[in-house]
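Inspection log for the structure reproduced underneath, given as structure tokens.
The values are calculated or read from the model by the stated rules, or taken from the named source; none is laboratory data. Since the model is a prediction, treat every value here as computed from it, not as a measurement. We place every Cβ from the backbone using ideal geometry, glycine too, and count neighbours over all the protein chains shown. To get the accessible areas, we keep the full protein, side chains included, count just its heavy atoms, and leave off ligands, DNA and RNA. Shrake-Rupley method; radii C 1.70, N 1.55, O 1.52, S 1.80 Å.
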Amino acid sequence: MRTVDVSAVKKASRRSDSDLLAWWREARFGLFIHWGLYAIPAGVWRGKRVPYIGEWMMFREKIPVATYEKIAARFDPKRFDAKAWVKLAKDAGQRYLVITAKHHDGFAMYDSASNPYNVVQRTPFARDPMRALARECRKQGITFCFYYSQDLDWHHPDGAWNTWDYDEKKKDPDRYLREKVLPQLRELLTNYGPIGMIWFDTPITLSKTRSARIRRFVKKIQPQCLVSGRIGHGLGDYSLPRDNFLPPARLKGDWETCATLNHTWGFKKHDHAWKDPQTLITTLVDLASKGVNYLLNIGPDANGVVPAPSARALRAIGAWLKVNGAALYGSSPSPFPYEFPWGRITTKGRTLYFHFFQKPPRSFQLRGLKTAVKSVSALADGKTKFAFQESTDDATGTPVLTIDFKGFKVTRPVTVVAVTLKGDPAVVPGTLQQPDDSLTLIGPMARVGSDAKQPAMRMGGNGLTENWRHPEDWLEWTFTVLTPGTHEVTVVTTHQHLEPWSGGHTLRLTCGDQSLRRITKRERILPGLRSEYFPQIATRFGRMRFDRPGTYTLRLQATRLNLKKSGKTYYSDGGMQFCEIQLRPV
Ligand code: H79
């Protein structure tokens with residue numbers, strides 16, 4: 001049995017926490033693997049297709065432990081190939097791999113001496129797949145990490161959320177920690193060499209004391225091992241938004257979005273809703289521009305085979321990264337806190353990478369960059385240079401960079417242009433009207449205020465407003481118009497997938513002497529990946545005029561909120577979920 005070299009571990013513990021995140025920030029892109037007993041029923045139980053994500057079947061169907069346990073006798077993945085899985089991550093350009101050591105069903109997918117409910121003792125396969133994966137990761141240069149469900153456990157009598165076999169009132173969460181979680185974490189952190197991170201998930205019932213205890217326990221064995229944001233109570237080394245969440249803007253701090261390639265994590269035979277490579281590459285770029293890592297999931301089947309559409313999509317991302325990886329690995333977020341209609345920006349020191357989602361116009365404009373430009377070149381060939389010109393918009397004093405894209409060659413699906421600056425990037429604060437005349441007012445760019453003493457609403461770390469439940473509260477933006485005109489005003493709100501949308505709020509928009517008032521209605525759902533899990537629900541509010549170039553202030557207030565009495569759910573604080581206001585020229 002291999003053990004960790006303790007002296008190396010002690011040395012690592014003296015480094016600051018921020019150094020510990022260095023490899024993870026550099027990586028930007030990782031592979032998530034959900035693999036467990038649930039791959040056998042694969043979304044079908046007793047001849048019926050079970051809705052929702054595959055690995056939640058035991059919970060959805062309230063399958064008794066004694067029945068679910070029997071699935072193990074059928075687990076014999078003849079085609080499991082650790083080398084091929086790790087190679088797939090490598091081909092995809094992923095730098096770390098996180099695999100389910102134990103999911104909510106409580107079944108250990110590794111050789112656990114402390115608990116017999118595991119892959120070696122209970123299945124005809126009778127081998128430890130994690131041993132081979134750890135070895136392959138080390139060989140192929142991928143950081144190996146474990147997923148571990150530390151709160152939900154539907155198998156242990158004291159674990160959270162199995163109420164159909166066990167009496168809720170008799171559960172002792174400390175006994176669950178003592179008997180299962182801590183001994184298993186010790187095994188995972190002792191028997192597989194250095195572990196990059198333990199990816200904890202779904203802290204629903206854990207107290208802060210217990211989350212802290214688990215964290216301390218991990219760090220004591222491997223101080224350099226990261227702890228994911230879902231350890232609970234803000235005790236992770238970085239933050240996680242909700243599953244499949246795409247933030248509206250650049251975020252503060254370290255974040256990671258975990259996402260599915262179809263709609264499930266664990267394999268489901270009927271889920272063919274595969275995301276296409278273009279969507280995935282665009283999303284990878286979008287997240288990097290906001291300072292967010294992308295942890296993209298595969299759910300191998302019961303035979304150990306990765307679904308072919310997953311493998312194809314991952315390899316397509318890898319092919320793009322081979323050419324454009326310089327703009328992604330080790331990149332920092334955009335110096336602009338908002339998105340652009342044409343694409344996104346990532347940064348590395350004094351180089352900005354412009355990621356174009358479509359071919360830009362020959363004469364392309366970027367507004368608001370204060371730093372002087374040294375050169376502009378195509379990333380794909382590194383040779384093609386583009387001419388540029390720096391000027392200032394007379395009326396507003398906004399700096400304008402104009403690039404002449406003569407000879408621009410498109411790389412599908414995203415083309416990268418490297419813009420090297422003469423100094424550190426600095427940008428004009430506040431929202432600017434874009435060259436297509438559009439203006440987009442996003443939550444994170446707003447001031448939060450209230451007619452009451454204190455706003456109850458706050459801006460969440462994930463870029464969404466939280467607790468918008470009081471008519472006194474408002475958001476206010478200052479923005480700069482360069483081209484006067486009339487705009488169509490649309491307000492976009494959202495809700496979490498599987499949760500009801502709360503519409504019917506009366507909103508008032510005020511800008512100088514102009515005021516619009518409407519009730520939010522589901523008139524249109526905006527297209528795009530963000531809408532798949534967080535429907536971008538648009539309500540038209542009418543028109544606003546901006547007669548002169550210059551600075552304007554717009555305030556959004558919900559004068560009447562249509563809230564349910566007990567609005568709080570696992571996912572939602574019950575308040576209005578605001579996304580953005582779109583001003584589009586008519
Ligand atoms: O491992 C994957 C998922 O199984 C796990 N996180 C990713 C990475 C996960 N998905 N959802 N959850 C954890 C939390 C589920 C929350 C619930 Fe519900 C929402 C429980 C109650 C409401 C959905 C609806 C499940 C039961 C009812």
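Just a few scattered comments:
- Efficiency of FRET from Cβ geometry, Arg469 and Gln121, R₀ 56 Å, rounded to 0.05: 0.65
- Estimated dipole of segment 179-294 in Debye, rounded to 20 [Cβ of Lys and Arg +1, of Asp and Glu -1, Cα centre]: 520
- Per residue, segment 343-429 exposes an accessible area of 48 Å² to a 1.4 Å probe, with every protein chain left in place.
- Grouping the Cα pair distances of the chain into 10 Å bins from zero gives a pair-distance distribution of 3, 16, 25, 25, 18, 10, 3, 0 percent in increasing distance order.
- Gyration tensor verdict on segment 343-429 (Cα atoms; rounded if a/c is under 1.5, prolate if a/b is larger than b/c, oblate otherwise): prolate
- Taking 0.36 nm per residue of separation and subtracting the Cα-Cα distance, full extension of the segment from Lys269 to Asp174 would add 30.5 nm.
- Centre-to-centre separation between the Cα atoms of segment 407-485 and those of segment 541-577: 15 Å.
- From helices alone, the chain scores -5500 deg cm²/dmol at 222 nm; the rule is -39500 (n - 2.57) for each run of n ≥ 4 DSSP H residues, then divide by the residue total.
- Surface composition of the chain: carbon plus sulfur atoms hold 50% of the accessible area, using a 1.4 angstrom probe and ignoring ligands, DNA and RNA.
- Antiparallel %, DSSP beta bridges [both residues in the chain], to 5: 75
- For segment 343-360 versus segment 110-153, the gap between their alpha-carbon centres in whole angstrom: 39
- Distance violations [Cα-Cα > 28 Å] among Lys171/Lys568; Lys275/Lys406; Lys208/Lys568; Lys48/Lys180: Lys275/Lys406; Lys48/Lys180
- Here is the result for segment 333-388: no chymotrypsin sites (Phe, Trp or Tyr not before Pro) lie in DSSP coil with at most 13 other C-beta atoms within 10 angstrom of their C-beta.
- Take segment 439-585 with all the other protein chains still there, run a 1.4 Å probe, and you get 46 Å² of accessible area per residue.
- Given Lys220/Lys269; Lys83/Lys268; Lys359/Lys521, the pairs whose alpha carbons are separated by over 30 Å: Lys220/Lys269; Lys359/Lys521
- Largest first, the three principal axis extents of the alpha carbons in segment 188-243 are 29, 24, 15 Å in whole numbers.
- Charge dipole magnitude, Cβ of K and R +1, D and E -1 - segment 343-429, Cα centre, debye nearest 20: 400
- Shape class of segment 6-326 from the alpha-carbon gyration tensor: rounded, with the ratio a/c of largest to smallest axis under 1.5.
- Label point at Gln514 placed 7 Å out along Cα→Cβ; residues across segment 433-461 whose backbone nitrogen lies under 18 Å: 433-442
- Between Asn562 and Gln454, the contour length at 0.36 nm per residue exceeds the alpha carbon distance by 36.8 nm.
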